[in-house]
Amino acid sequence: MADGKIDILIAGGGFAGLSLAIALRQGSGGALSVALADPAMDRASGDPRASAIAAAARRLFETVGVWPAIAEGAQPILDMVVTDSRLDHAMRPTFLTFDGEIAPGEPFAHMIENGPMIAALLDKAREEGVDLRPLAVGQFVNEPARVTARLSDGGVLSARLLVAADGARSVIREQAGIAIHGWDYDQAGIVTTIAHERDHNGRAEEHFLPAGPFAILPLKGKRSSIVWTESKAEAARLVALPDAEFLAELEQRFGLHLGDLAIAGPRRAFPLGLHVARSFIAERIALIGDAAHVIHPIAGQGLNMGLRDAAALAESVIDGARLGIDVGAVSVLERYQRWRRFDTMAMGVATDSLNRLFSNNSDVLRLVRDVGLGLVDRMPNLKDFFIREAAGLTGDVPKLLKGEAL
Ligand SMILES: Cc1cc2nc3c(=O)[nH]c(=O)nc-3n(C[C@H](O)[C@H](O)[C@H](O)COP(=O)(O)OP(=O)(O)OC[C@H]3O[C@@H](n4cnc5c(N)ncnc54)[C@H](O)[C@@H]3O)c2cc1C
């Protein structure tokens, strides 16, 4: 595809942008021309994170044919425990336990390292004929029935739809004049990988400590991914510690149940916040993934929400195209926005409330949340609902997330 006219230009090759590109090419049987630009196209190796991929997202990966490339490295979450305690408590009372299956043999989530997952999506996008450009999308202008964007090499692409999948600091969103609601938490999530002596048996743990949640998420082998919330200043201090001192701090929170620990990956602190775009659409523009919303990782849902956006937008575009409707038409974009915006607000409010309820040292709030968790633990129907919610299988689920092709 030479510089010139295409159907859809996607800015950003993270999980949301790549999944959308693949779904559009497959759903249109190759009829829609799709270009995807990202200046950090090969960033996969630099991300220390692993993500909880909910069952619905796994079904999307299966449907678009990416799952076989990542299945071997995917660790099913077989059960989950939630505790609530102070740092100096010798015992951590367990308030909530979940069995990890939504159906026999189908875990509600898998833990997968971000690097291999992005690499598999890139390979599939290439195979499907997505025009991949290692460039940034810059200024764009709306023209009759098109939007024309300049790329960082000076080239120009004119598309009927421009998708902003360019992450939390989306320049496309900013240029489109779309404001964001929300706030930064004075918190950062420290992410690292550790190796341990004993097997985790697929168990995920979430410990609600006074500074915020401390999650131990199982990876393949005797390894776990840590997402450790602290105040921004404390997180910066901890990340800069020499290995031995960092490990000592980590051991204090991790406990001794998995035996000796060793650092098995780089560490990095990610600032945390809650931001939702005032609108998910503008003239011939759609926002997906973190460009549309950033939530606290307390429930491990940010990436899963981005995949839900990608699936809903792909379905809206493909259904419209089958009826002969322009891929950037207002009716297509409004259907996408109606589908995703309310859902996103609900998830944003839920994760914000959870974070506020748990990231503190108040004895009264501790009592309230522990009674609440204890009650949920005794109600199988409610637990079942939470598991289906965490699996991404509630509400108006887009086809790809149900495992159906477009
Ligand atoms: C500590 C932590 C733990 C998390 N754990 C989980 C989890 O367990 N489960 C989960 O579901 N979510 C999790 N998340 C959230 C998840 O990581 C993000 O929601 C997800 O990575 C966002 O994907 P994205 O594709 O929308 O954006 P990004 O991954 O941010 O990708 C945006 C891309 O756009 C590119 N770009 C930027 N500007 C331009 C431009 N001008 N032109 C073209 N390209 C551009 C960038 O190079 C980048 O590659 C976590 C987040 C944090 C911080």
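The values are calculated or read from the model by the stated rules, or taken from the named source; none is laboratory data. If you're wondering where the values come from, they're calculated on a predicted model, not measured in any experiment. Quick reminder, even Gly has a Cβ in these numbers, built from the backbone with ideal geometry, and neighbours come from all protein chains shown. For accessibility, only protein heavy atoms count, side chains too; no ligands or nucleic acids. Shrake-Rupley method; radii C 1.70, N 1.55, O 1.52, S 1.80 Å.
Could you please put 152, 28 in sequence from largest to smallest accessible area, using a 1.4 Å probe?
Of 152, 28, the descending order of accessible area is 152, 28.
Give, in nm to one decimal, the length gained when the segment between residue 233 and residue 249 is fully stretched (0.36 nm per residue of separation minus the Cα-Cα distance).
Working: separation 16, 0.36 × 16 = 5.76 nm, distance 1.52 nm.
Computed gain between residue 233 and residue 249 is 4.2 nm.
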Karplus-derived HN-Hα couplings along the stretch 109-120 (A = 6.51, B = -1.76, C = 1.60, θ = phi - 60°), whole Hz, x at Gly and Pro: 7, 10, 9, 9, 6, 4, x, x, 5, 5, 4, 5
Per residue, accessible area of the stretch 226-337 with a 1.4 Å probe, heavy atoms of protein chains only, in Å², comes to 37 Å²
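List, in the order given, every pair from 124/402; 124/220; 5/399 whose Cα-Cα distance in the structure shown is over 25 Å. Walk me through the numbers before you get to the answer.
On the way: 124/402 20 Å; 124/220 23 Å; 5/399 29 Å.
Too far apart for the 25 Å limit: 5/399.
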Hey, what do the phi angles of the stretch 11-19 turn into as Karplus ³J(HN,Hα) couplings, whole Hz, using 6.51/-1.76/1.60 and θ = phi - 60°, x for Gly and Pro? 9, x, x, x, 4, 5, x, 5, 5
What distance in nm lies between label points placed 7 Å from Cα along the C-beta direction at residue 103 and residue 152? 4.3 nm
Sorted by chain and then number, the residues having a modelled amide H within less than 5 Å of the amide H of residue 273, at least 5 places away or on another chain, are 185
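Sorted by accessible area with a 1.4 angstrom probe, largest first, how do 150, 253, 169, 267 fall?
Details: 150 120, 253 15, 169 200, 267 50 Å².
Greatest to least solvent exposure: 169, 150, 267, 253.
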Give the lysines whose C-alpha is closer than 21 Å to that of residue 232, dropping any in the same chain fewer than 8 places away, or say none. none
Show me, for the stretch 306-311, the HN-Hα J-couplings you get by feeding each phi into the Karplus relation (A = 6.51, B = -1.76, C = 1.60, θ = phi - 60°), rounded to Hz, glycine and proline as x. x, 5, 5, 4, 4, 5
What residues qualify as long-range amide H neighbours of residue 300, i.e. H under 5 Å apart, gap of 5 or more or another chain, H built at 1.01 Å from N? none
